[in-house]
Amino acid sequence: MFKDLDPILHSQLRLAVVSLLIGVKEAEFTFLKEETNATAGNLSVQINKLKEAGYIDVVKQFKDNYPQTMCKITPAGVKAFEQYVKNLHSYLSVDVAKITSRK
């Protein structure tokens, strides 16, 4: 009945990052930091885990002589997110009638 949830996406911060990137396709590190209210260090660690899983691409470049880190969702990341949401539905669609009849 219950489907396995992807442990990479089951982290609150990693799920937030992927959710944001699903909507915007790519974003600067500073945008992700502001939107998730994460510390730079924690966000860096979580972005690295997403990159290692192949869910996002990370490009480090310079813009106006300042370092810029861009994160972009990959096709594998989109697929993993869609599967995660689908599997999560198996937890959310528990028959309420069965639960209430047990009382």
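The values are calculated or read from the model by the stated rules, or taken from the named source; none is laboratory data. These numbers come from a predicted model, not from an experiment. Cβ sites come from the backbone with ideal geometry, for glycine too, and all protein chains shown count toward neighbours.
Here are some notes:
Every residue, every condition in (1) at pLDDT 95 or above; (2) within 16 Å of Pro75 (Cα to Cα); (3) surrounded by 14 or more Cβ atoms within 10 Å (Cβ to Cβ); (4) aliphatic (A, V, I, L, M), yes or no:
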| residue | (1), (2), (3), (4) |
| --- | --- |
| Met1 | no, no, no, yes |
| Arg14 | yes, no, yes, no |
| Lys25 | no, yes, no, no |
| Glu34 | yes, no, no, no |
| Asn37 | yes, no, no, no |
| Gly41 | yes, no, no, no |
| Gln46 | yes, no, yes, no |
| Lys51 | yes, yes, yes, no |
| Tyr55 | yes, yes, yes, no |
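- Considering (1) touching a strand residue (DSSP E or B) at 6+ places or on another chain (Cβ under 8 Å); (2) at pLDDT below 90; (3) of a type in the set (Gly, Ala, Ser), the lone condition that Gly77 does not fulfil carries the number (2).
- With respect to the conditions (1) on the phi > 0 side of the Ramachandran plot; (2) without any contact (Cβ under 8 Å) to a residue 40 or more places away in the chain, Lys25 falls short on a single one, namely (2).
- Remark: pairs (first residue in segment 7-21, part of a helix (DSSP H, G or I); second residue among the acidic types (Asp, Glu); Cβ separation under 9 Å; 6+ apart in sequence or on different chains) = Ala16/Glu35; Val17/Glu35; Leu20/Glu35.
- Which listed residue, of Ala27, Ala38, is of a type outside the set (Ser, Thr, Tyr) and within 11 Å of Cys71 (Cβ to Cβ): Ala27
- Test: residue in segment 37-54 that is in a helix (DSSP H, G or I), β-branched (Val, Ile, Thr) and without any contact (Cβ under 8 Å) to a residue 24 or more places away in the chain: yes
- When the residues of segment 60-94 are filtered to those that are surrounded by 10 or more Cβ atoms within 10 Å (Cβ to Cβ) and in a strand (DSSP E or B), the one that is farthest from the chain's Cα centre (by Cα) is Gln68.
- For the residues Ala76, Ala16, Ala40, the requirement of being more than 23 Å from Ser90 (Cα to Cα) and among the hydrophobic types (A, V, I, L, M, F, W, C) singles out Ala40.
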